[in-house]
Amino acid sequence: MPDLNAIGIVASDLRASIAFYSLLGVDFPADGEGHIEATLPSGLRLMLDTEDVVKSFRPDWTRERGNQLALAFEFASPAEVDERYEQVTAAGFVGEKEPWDAFWGQRYAQLSDPDGVPIDLFAPL
């Protein structure tokens, strides 16, 4: 069976996306024009591409806003979910739902990245 190795997101503003994901602990390299990627602790790569890069090989590409994809970041404790949500929203990024104790046994919160990609934060209760 193939291994899911990477998730790619087309960023309308690469610097804003790097700033957002950096607040979630994603360590992107300092250099990179048009394409940048970071390997997460699980081995999965998170890749960001500018619209121009994508249009270079798919000229008919257009942006769709919405919920085609969601990313979920796991934290070690409920307090870390609360702290990270506060840190990201204090930096001016969009908080969709403040942290709450979900009925399925997790502390949960929801954000949106600069392009509207839903981002979930969670930890076991």
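The values are calculated or read from the model by the stated rules, or taken from the named source; none is laboratory data. None of these values were measured; they are calculated from a predicted model. Cβ coordinates were reconstructed from backbone atoms using ideal geometry, including for glycine residues, and neighbour counts include every protein chain displayed. Accessible surface is based on the protein model in full, side chains and every heavy atom, while ligands, DNA and RNA are left aside. Shrake-Rupley method; radii C 1.70, N 1.55, O 1.52, S 1.80 Å.
Once C-alpha pairs closer than 8 Å and six or more residues apart are averaged by separation and normalised to the residue number of the chain, the relative contact order reads 25 percent.
For region 39-111, averaging the sequence separation of C-alpha pairs within contact (under 8 Å, six or more residues apart) and dividing by the residue count gives a relative contact order of 19 percent. Computed with a 1.4 Å probe over protein heavy atoms only, the accessible surface of the chain comes to 59 Å² per residue.
Each label was represented as a point 7 Å from its Cα along the Cα-to-Cβ direction; for A102 and K55 these points are 3.6 nm apart. Relative to the dominant Cα principal axis of the chain, helix 14-23 is inclined by about 20°.
Model label points for R15 and D3, set 7 angstrom from Cα along the Cα-to-Cβ axis, are 3.6 nm apart. Axis of helix 78-90 versus longest Cα principal axis of the chain: the two differ by about 50°, to the nearest ten degrees. Expressed as a whole percent, the accessible surface of the chain that belongs to carbon and sulfur atoms is 50, based on a 1.4 Å probe.
By the compact-protein rule of thumb, 2.2 N^0.38 Å, the alpha-carbon radius of gyration of the chain corresponds to a ratio of 1.10. When DSSP beta bridges are restricted to pairs lying wholly in the chain, around 65% turn out antiparallel. Charge dipole of region 1-120 (Cα centre as origin; +1 on each Lys and Arg Cβ, -1 on each Asp and Glu Cβ, all else neutral): 200 debye, rounded to the nearest 20. Taking amide hydrogens as modeled 1.01 Å from N in the peptide plane, which residues meet the under 5 Å criterion relative to V94, leaving out close sequence neighbours? When sequence neighbours closer than 5 places are left aside, the close amide H contacts are S112. A dipole drawn for region 54-111 from +1 and -1 charges on Cβ atoms has a positive end, and of Q110, W61, T89 the residue lying farthest that way is W61.
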